[in-house]
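Enquirer: So that we are looking at the same thing, I have put the structure below in structure tokens.
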Amino acid sequence: MTDEVTTSFSQHLTGEHVDRVDEFRRSRDTAVLTMVFTDMAGSKRSKDRLGDARFMPGWQRMMDGLEAIVCANQDGQIIHGTGDGVLAVFAEPSTAVRRALDIQDEFSADPAVNLRIGIDEGQVYQILNGGVRMDVIGSHVDAAARVQAMAQPGHICVTTRVE
């Protein structure tokens, strides 16, 4: 029955309908994304103890690793740095979770990079510039940041079931 309804509906769906739906979506600048926040736990103490010059190589190693893992195959995008971490977004929740696990695996043996990660999924407002996502805002971004702050170093916390 469902296949018959779907087939009947899709037969009546024209390019004009698809264009109207896409135009509506673009006019709202919203998207359903999975947000991933990372944070280097204890970075302030490390900076104070080591000094900026000795702290920076570990920080740079972390930032380079985060970029490589998040952006692999163009599956994710780093929206911006947070000083000692990043806000990244993914279109697919399962990819976000896999990449968060990859991040923790990559840095698990590096005592200078002790990461905690928070993940949330939902509709966000996008700030676009020429079609390029420059930032995302909304309650799901806030939730990802909050749950990241609750995570213990070396852990990943999620707000809901993410598949």
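The values are calculated or read from the model by the stated rules, or taken from the named source; none is laboratory data. Note that this is a predicted model, so its numbers are computed, not measured. Using ideal geometry, Cβ is built from the backbone for each residue, glycine included, and neighbour counts are taken over all protein chains shown. Each accessible area value is taken on the protein alone, full model and side chains, heavy atoms only, with ligands, DNA and RNA left out. Shrake-Rupley method; radii C 1.70, N 1.55, O 1.52, S 1.80 Å.
Enquirer: Where the second residue is assigned to a helix (DSSP H, G or I) and the first is in contact (Cβ under 8 Å) with a residue 60 or more places away in the chain and lies in segment 42-56, which pairs have Cβ atoms under 7 Å and are six or more apart or on separate chains?
Expert: If the second residue must be assigned to a helix (DSSP H, G or I), the pairs left are Ser46/Phe55.
Enquirer: Another question, if that's okay. Could you check segment 58-69 and list, in sequence order, the residues that are out of contact with any helix residue (DSSP H, G or I) (no Cβ under 6 Å at 6 or more places or on another chain) and either small (Gly, Ala, Ser) or in contact (Cβ under 8 Å) with a residue 24 or more places away in the chain (or both)?
Expert: Gly58, Trp59, Arg61, Met62, Leu66, Ala68
Enquirer: Could we say that Ile103 is open to solvent by less than 10 Å² (accessible area, probe 1.4 Å), under 11 Å from Val36 (Cβ atoms) and either free of Cβ contacts under 8 Å to residues at least 24 places away in the same chain or not basic (Lys, Arg) (or both) here?
Expert: Spelling it out, Ile103 is indeed open to solvent by less than 10 Å² (accessible area, probe 1.4 Å), under 11 Å from Val36 (Cβ atoms) and either free of Cβ contacts under 8 Å to residues at least 24 places away in the same chain or not basic (Lys, Arg) (or both).
Enquirer: I've got another one for you. I'm trying to understand the selection: among the residues of segment 31-53, which are more than 28 Å from Arg133 (Cβ to Cβ) and not in a helix (DSSP H, G or I)?
Expert: Within segment 31-53, Gly42, Gly51 meet the criteria.
Enquirer: Select from segment 149-163 the residues that are at negative phi and open to solvent by less than 80 Å² (accessible area, probe 1.4 Å) and list them in ascending order.
Expert: Ala149, Ala151, Pro153, Ile156, Cys157, Val158, Thr159, Thr160, Val162
Enquirer: Got a number for residues in segment 54-92 being among the aromatic types (Phe, Trp, Tyr) and either assigned to a helix (DSSP H, G or I) or open to solvent by 20 Å² or more (accessible area, probe 1.4 Å) (or both)?
Expert: 2
Enquirer: Which condition number does Ala109 fail, the rest of (1) over 14 Å from Thr38 (Cβ atoms); (2) under 12 Å from the mean Cα position of the chain (by Cα); (3) of a type in the set (Gly, Ala, Ser) being met?
Expert: Answer for Ala109: the failing condition is (2).
Enquirer: Hey, Val113 hits all of (1) modelled with pLDDT of 95 or more; (2) hydrophobic (A, V, I, L, M, F, W, C); (3) surrounded by 15 or more Cβ atoms within 10 Å (Cβ to Cβ) but one; which does it fall short on?
Expert: (1)
Enquirer: Please go through segment 130-148 and pick out each residue that is farther than 15 Å from Gln77 by Cα and either without any contact (Cβ under 8 Å) to a residue 12 or more places away in the chain or open to solvent by less than 60 Å² (accessible area, probe 1.4 Å) (or both).
Expert: Once the filter is applied, which keeps residues that are farther than 15 Å from Gln77 by Cα and either without any contact (Cβ under 8 Å) to a residue 12 or more places away in the chain or open to solvent by less than 60 Å² (accessible area, probe 1.4 Å) (or both), segment 130-148 yields Gly130, Gly138, His140, Asp142, Ala143, Ala144, Ala145, Val147, Gln148.
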